[in-house]
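Visitor: Take this structure, written in structure tokens, and hold onto it; I'll ask about it next.
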Amino acid sequence: MGRTRALVVVGLLVIFFVAGGIVIYATSHHGGQNRNFDVTVTTATSMSPDLLTVNQNDIVTINVHSDTTGEVHLHEYDIAFDAVAGQVVSRTFKADKTGQHEIEWESTSKHLGYLVVNP
């Protein structure tokens with residue numbers, strides 16, 4: 001009777017840990033989600049919102065609205081948004097580089113914000 005009881009306890013523990021692992025895996029973020037941001041650049045000196053946060057492997061679309069013509073540049077990804085006053089410029093890319101990546105107005109090197117890619 002002791003051996004059967006021990007096997008039942010071990011079986012229940014295995015089921016408990018497997019079920020827990022499945023729940024944790026199913027509810028954790030694994031990247032690859034579509035993320036869209038509409039940002040507004042004002043007078044080539046500020047961007048709103050100025051912090052864009054995503055997870056690694058997300059598919060990111062950034063739509064830049066600007067009241068000034070010029071280039072908004074996302075460093076490390078080397079993505080240029082050739083902004084035209086009054087128009088929207090969009091770029092879509094995979095967020096495969098983790099870290100904090102600067103967004104700037106290229107001609108003046110004016111810091112506008114960051115794209116943060118979490119692991």
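The values are calculated or read from the model by the stated rules, or taken from the named source; none is laboratory data. Bear in mind that the values here come from a model prediction, so they are computed numbers and not experimental data. All Cβ positions, even for glycine, are placed from backbone atoms using ideal geometry, and neighbour counts span all protein chains on display. Accessible surface areas use protein heavy atoms only, side chains included; no ligands, DNA or RNA. Shrake-Rupley method; radii C 1.70, N 1.55, O 1.52, S 1.80 Å.
Visitor: Suppose we filter segment 32-82 for residues that are buried (at least 18 other Cβ atoms within 10 Å of the Cβ), within 18 Å of GLU106 (Cα to Cα) and of a type in the set (A, V, I, L, M, F, W, C); how many remain?
Guide: Count: 9.
Visitor: Out of all the residues in segment 99-119, which are in a loop (DSSP other than H, G, I, E, B) and over 10 Å from the mean Cα position of the chain (by Cα)?
Guide: GLU106, SER107, THR108, SER109
Visitor: Mind listing whichever residues of segment 103-119 are closer than 17 Å to ALA83 by Cα, open to solvent by 20 Å² or more (accessible area, probe 1.4 Å) and in contact with an Asp or Glu (Cβ under 8 Å, 6 or more places away or on another chain)?
Guide: GLU106, SER107, LYS110, HIS111
Visitor: Now for a different question. Of all residues in segment 42-78, which are outside any strand (DSSP E or B), in contact with a Phe, Trp or Tyr (Cβ under 9 Å, 6 or more places away or on another chain) and closer than 16 Å to TYR114 by Cα?
Guide: Result: ALA44, THR45, PRO49, ASP50, TYR77.
Visitor: Quick one: in segment 83-98, which of the residues that are open to solvent by 30 Å² or more (accessible area, probe 1.4 Å) and assigned to a strand (DSSP E or B) is farthest from VAL41 (Cα to Cα)?
Guide: Checking each candidate, the answer is LYS94.
Visitor: Could you please let me know if PHE81 is under 21 Å from ASN118 (Cα atoms), modelled with pLDDT of 95 or more and among the aromatic types (Phe, Trp, Tyr)?
Guide: Criteria not met by PHE81.
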